[in-house]
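The values are calculated or read from the model by the stated rules, or taken from the named source; none is laboratory data. Quick caveat, the model's predicted, so the values are computed rather than measured. Using ideal geometry, Cβ is built from the backbone for each residue, glycine included, and neighbour counts are taken over all protein chains shown.
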Amino acid sequence: MRSEPETRYVKSGDAHIAYQVVGDGPVDLIIVRGYISHVEVAWESPALASFYRRLASFCRLILFDKRGTGLSDRVPEDRLPTLEQRMDDVRAVMEAVGSDRAALFGASEGGPMCLLFAATYPERTLGLLLWGCFAHYDWRRSFIGRYWGGDTVDDALDRLEREWGDGGDLAAMAPSVAGDDAARRAWGRAQRLAATPTAARALLRMMLDVDVRPLLPAIRVPVVILHRVGDVAVDVSHSRYMADHIPGARYVELPGSDHLPWIGDTESLVAEIQELVTGTRPEPEPDRVVATVLFVDAPYEVVRSNVARFRGAMLAARGDSLGASFDGPARAIRCAEAIVAESTACGVAGRAGLHTGECEPHGSEFAGVAVDVAAEILARASAGEVLVSRTVADLVAGANIAFADRGSHSLAPVHDSWQLLATSPGRAPSQLEPARVFRREGEYWTVAFGGKVVRMRDAKGLGYLARLLRHPHREFHVLDLLAGDAQRGDDASREGDLVVAPADAGAMLDVAAKRVYRERIVELEAEIEQARRWNDPERGARAKAELDALTNELAVALGLGGRDRRAASDSERARVSVSKAVHSAVRRLDDQHPELGRHLSLAVHTGTFCTYAPDAMVSVTWDA
């Protein structure tokens, strides 16, 4: 999935609310963040992006910025939004994405909004999961008093306003990473883009006035409350109070002090969310996992920063060598090459060794033969060299990583003969990298991946896949895919095909319907103007096409004197048709070419917008 999904707007009262939709799961989950957020900057954080992707794997994830923060409309200081207005923003976003019922995840200051929504719209609330929340905020027992300090609230807010945007309060929000300069700078940037110092002060002042304690006994939906016992930003006593006063609430205290839910141990949180949303918890972690293990001789700071950049995890050192693990071998290689290059630039002759195999997890550490083999490979690497096992090289076939043979070696503890290869950054792909082909030839498709070639009889979903593969990381609206399919000359009369009419309208345009049309037209005009300012012609063209279609529908509907029409349903029908065809094609490919099937299952994402999004660290080229 893309690191940054498309941001759209919906009008809620007098404010435009920015929102995103990620995934196409069967159940909707709405994330209601704390007092500040920014839906696009969020995806710059590897930890937060990974957290969102985990959630989107089992639900349709809906993200938005509350009015007054992020990409949503800012509000004057003398007209700060009420809790009711912000709650109504949730309802407006649900209407915009066609959600009748959703689970709500409220973090920190997002909790009171979720509680009010559940009390007001219980029929639209699948359940609540409250993380580090409060019903009424006690500033002295939380980060305003504990971190910003002072004898009064104004003293604390004065300091907050002076220091806003430097990221220093990460010490309260996520103590476990507060010593990481890169994390602190990223947090400071997120603060600056989410709100100005004046706005941040006003939003926190408003937060202090919120009190939903009288609502707690009236909550009649499933509620799960989670809190880390050492949370500095919001004292755990706040959640204990809610658990005592919400009938039937499930309360879970977790170890740790990080207030931000995507920092620290996220597995317990994700399991609770998945159980609330789907009714089942994720499968327990296996006793053994497959990982790519990297050992390097290089300066610690160079290793640590690059391991974080390439989404790895540091392992215990072996002597003077530093270790890390990765869930993808290509990222591990890119990380090793970056470490060696940076070390060389610093005047240190770095070197690296990598192997992929089964490991035994022990907390945050790994043990087993794969770890020992990686350390043995490092011992055979020359200065400035990234040396890998043949297993690693085979797993990254097609990733545009070139290798040079370094012969066979006997490695402890296995003592078998192991072929080792050195990466060659900047060289053309070697023969270890077979071409990637996804090409139609008459009634058949020739598909090559990972050194294996198969032939597939034509099917509509293969055509959609080919178009996505030609344009990695580009989003296609399902109607664009259908239009391209029609131009391809496929027989649209075949059973199961969708024939898209230009304006398939539905129930007559009453006053409410006309209002919705007017609001959407205003939104599209604003989106076209924003696309022009941001020099994004594709986004502008999509908005213009939708605007033209709406205008045509209104012209037809209003010219019929109010006779019944059918509401527009092209996009939804197209989404179902395209998603079904693509998933069917991937299953067929998986039957004949399991390696490619696994790759496409992870990299191809369907919904109203479809995309092929392989690992961003890997260069991908298809002959499609």
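Hey, among Asp591, Asp570, Asp548, which residue is at pLDDT 65 or above and either under 25 Å from the mean Cα position of the chain (by Cα) or farther than 30 Å from Ala459 by Cα (or both)? So the residue among Asp591, Asp570, Asp548 that is at pLDDT 65 or above and either under 25 Å from the mean Cα position of the chain (by Cα) or farther than 30 Å from Ala459 by Cα (or both) is Asp548.
With respect to (1) within 25 Å of the chain's Cα centre (by Cα); (2) at pLDDT below 90, the lone exception for Tyr147 is condition (1). Against the conditions (1) in contact with a strand residue (DSSP E or B) (Cβ under 6 Å, 6 or more places away or on another chain); (2) modelled with pLDDT under 95, Pro261 satisfies every one except (2). Restricted to strands (runs of 3 or more DSSP E) entirely inside the stretch 245-340, those with at least 2 residues that are crowded, with 18+ Cβ neighbours inside 10 Å are 289-297, 321-326. Just to be sure I understand the filter: pairs with C-beta atoms under 9 Å, separated by 6 or more residues or on different chains, first member in the stretch 320-346 and under 15 Å from Gly384 (Cα atoms), second member surrounded by 19 or more Cβ atoms within 10 Å (Cβ to Cβ) and among the hydroxyl-bearing types (Ser, Thr, Tyr). Which pairs pass? Cβ pairs passing all conditions: Ile333/Thr292; Ile333/Thr423; Ala336/Thr423; Glu337/Thr423. Only one entry in Leu294, Leu315 is of a type outside the set (Gly, Ala, Ser), under 24 Å from Ala399 (Cβ atoms) and modelled with pLDDT under 90, namely Leu315.
For the stretch 162-224, the helices (runs of 4 or more DSSP H) that sit wholly inside it and include 1 or more residues that are under 23 Å from the mean Cα position of the chain (by Cα), at pLDDT 90 or above and closer than 17 Å to Ser45 by Cα are 170-173, 181-194. Look through Asp14, Asp65 and report the one residue that is among the acidic types (Asp, Glu), under 17 Å from the mean Cα position of the chain (by Cα) and more than 17 Å from Phe609 (Cα to Cα). The match here is Asp65. When Pro122, Pro112 are checked against the criterion of being of a type outside the set (Lys, Arg) and buried (at least 24 other Cβ atoms within 10 Å of the Cβ), a single residue qualifies: Pro112.
Residue pairs whose Cβ atoms lie under 7 Å apart, sitting 6 or more positions apart in sequence or on different chains, and linking a residue in the stretch 107-126 that is at positive phi to a partner that is surrounded by 24 or more Cβ atoms within 10 Å (Cβ to Cβ) and of a type in the set (Phe, Trp, Tyr), do not occur here. Scanning the stretch 387-405 for residues that are more than 31 Å from the chain's Cα centre (by Cα) and either part of a helix (DSSP H, G or I) or surrounded by 18 or more Cβ atoms within 10 Å (Cβ to Cβ) (or both) yields Leu387, Ser389, Arg390, Phe403. Which pairs turn up if I take residues in the stretch 580-609 that are of a type in the set (D, E, K, R) and look for partners that are at pLDDT below 85 and buried (at least 21 other Cβ atoms within 10 Å of the Cβ) with beta carbon separation below 6 Å, at least 6 apart in sequence or on another chain? Nothing qualifies. Checked against the criterion of being out of contact with any Cys (no Cβ under 6 Å at 6 or more places or on another chain) and either buried (at least 19 other Cβ atoms within 10 Å of the Cβ) or on the phi > 0 side of the Ramachandran plot (or both), the candidates Arg79, Arg53, Arg86 yield just one match: Arg86.
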